[in-house]
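S.K.: I have a structure here, written as structure tokens, and I will follow up with some questions on it.
The values are calculated or read from the model by the stated rules, or taken from the named source; none is laboratory data. Everything numeric in this text was worked out from a predicted model, so none of it was measured. Every residue, glycine among them, receives a Cβ derived from its backbone with ideal geometry; neighbour counts consider all protein chains shown.
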């Protein structure tokens, strides 16, 4: 795992309908040290997914720069693992082969990469599902596979794009608790995109509030770990933090 | 009466559960029975509509003399050669047009134009260019097979969600690797649909071509029989066409579809 540096990042689109340039991201700077969990929260259209897509290398940058471990980002690469809102598992591969995909691309032999995959599947309590195809799993289980598939490739930075937005509320809480547990075990550097303020605070060491393509404020979250919803739901500090972030996101 | 009906229907249900092929054969048995009844009642002259037994005995004699096996082999080999080239050219072309916007822009209108001309419409000019023979027939079949394969491959490639490409790239897949790991398997269900359609059309085109330019094959058998006024052989040819397609589709194409797209949840049953 390595640090992530974003300097004066901006993105301008040419909007065909409006017939004009639209600035989706304005001059965003962010420093994420190795092993930190940062949530970027904001309403839809605030540019958060655009930022993630630029870090992942899926979209070209129109201004500023992104450095991972000091090296500038040029296109997608295995140093930045991505977890997608739509899961994006390969339907034609078993769960095991999905998780072993990254190591396979690195040239790791079958036996070794399956060992790695089994290890990570166990981490997410997915060992039973190893031989099944993704479409045979529930949404929650599919996204667990999505998370460990990205982690099994040991990226420097883990990028998560609203990963729990399309699962039901109960499953989402379980997944959030599991993610904090996995993060504590592996300590990856994480950028987590969400529009859910409580989720952002629950997971992160730091929350970046975003509005209209600009960083409004960064709020450190010093809640103790391990975090579970049963404790935090009634926790005054948690309530105060979510209240503050919500205010920032809504007012800006 | 009621319990009897109930018993009978549950008996049928158990029977078809145990031997699913009964459900396939039953409608044909009914059809043959109807055909047999019509001919037994002598509603039409026999030369006009011969009965099933007559067709069966002709099948026996034509098989014994070796004419039918030879013609069958000729037709199947022509279809196989045509299908091979149709697939070998169609899938790469489909991948190219599906992946490259530039190729799509340049080739798509051409594809639609030539698709519209239709296989048989090429026969007159092909006969002038290549004469009556295998070359003409192969070109016709390749031409027929290739369009459904290309068009469905393009559709399949374009229906792969962009997140799937991105996932593979950020897991370390190189661009060439993407073709094998994402594009081909992602497009496979559509490719198989294209093959199924293509071979179906190809089969029909083959028979039509044999009727017009052939000197052997099932289509030729039927057309030759017409010249002699032998309805038995025409009927036999028609039945063989149906059965053969049933076998190719049910024993080769459908199992591939079940093992891939349906298994992966990309195609609903």
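S.K.: Which of the following residues is in contact (Cβ under 8 Å) with a residue 24 or more places away in the chain and over 23 Å from residue B:260 (Cβ atoms): A:78, A:134?
M.R.: Only one candidate passes the filter, namely A:78.
S.K.: While we're on this one: Determine, yes or no, whether residue B:146 is crowded, with 18+ Cβ neighbours inside 10 Å, within 24 Å of the chain's Cα centre (by Cα), within 14 Å of another protein chain (Cβ to nearest Cβ) and in contact (Cβ under 8 Å) with a residue 40 or more places away in the chain.
M.R.: No; evaluated as a whole, the condition is false for this residue.
S.K.: Going through A:151, A:121, A:175 one at a time, which residue ends up being over 24 Å from residue A:92 (Cα atoms), assigned to a helix (DSSP H, G or I) and touching a residue at least 24 places away in the same chain (Cβ under 8 Å)?
M.R.: Exactly one residue qualifies, and that residue is A:175.
S.K.: Do the conditions hold for residue B:214, that is, is it under 21 Å from residue B:120 (Cα atoms) and out of contact with any strand residue (DSSP E or B) (no Cβ under 8 Å at 6 or more places or on another chain)?
M.R.: So residue B:214 passes the test.
S.K.: Please tell me if residue A:38 is at the interface with another protein chain (Cβ under 8 Å from one of its Cβ atoms), surrounded by 15 or more Cβ atoms within 10 Å (Cβ to Cβ) and over 23 Å from residue B:263 (Cα atoms).
M.R.: No: the conditions fail for residue A:38.
S.K.: Among the residues of segment B:149-182 satisfying the criterion of being crowded, with 24+ Cβ neighbours inside 10 Å and closer than 30 Å to residue B:74 by Cα, which is farthest from the other protein chains (Cβ to nearest Cβ)?
M.R.: B:150
S.K.: Could you run through segment A:188-231 and say how many residues are in contact with a strand residue (DSSP E or B) (Cβ under 9 Å, 6 or more places away or on another chain) and outside any helix (DSSP H, G or I)?
M.R.: Here the count works out to 26.
S.K.: If a residue must be outside any strand (DSSP E or B) and either away from chain B (no Cβ under 14 Å) or under 24 Å from residue A:3 (Cα atoms) (or both), how many such residues does segment A:154-172 contain?
M.R.: 12
S.K.: While we're on this one: Checking residue B:185 against (1) in contact with a helix residue (DSSP H, G or I) (Cβ under 7 Å, 6 or more places away or on another chain); (2) within 14 Å of chain A (Cβ to nearest Cβ), which single condition isn't satisfied?
M.R.: So residue B:185 meets the others, but not (1).
S.K.: Return the residues of segment A:135-185 that are in contact with a strand residue (DSSP E or B) (Cβ under 9 Å, 6 or more places away or on another chain) and either surrounded by fewer than 20 Cβ atoms within 10 Å (Cβ to Cβ) or at pLDDT below 90 (or both); say none if nothing qualifies.
M.R.: The answer is A:154, A:156, A:165, A:180.
S.K.: Test residue B:103 against the stated conditions and say whether it is within 28 Å of the chain's Cα centre (by Cα) and surrounded by fewer than 19 Cβ atoms within 10 Å (Cβ to Cβ).
M.R.: no
S.K.: Mind listing whichever residues of segment A:60-87 are loosely packed, with under 15 Cβ neighbours inside 10 Å, under 18 Å from the mean Cα position of the chain (by Cα) and within 14 Å of chain B (Cβ to nearest Cβ)?
M.R.: A:75
S.K.: Determine which single condition residue A:92 fails, assuming it passes every other condition in (1) buried (at least 22 other Cβ atoms within 10 Å of the Cβ); (2) more than 14 Å from chain B (Cβ to nearest Cβ).
M.R.: Here residue A:92 clears every test but (2).
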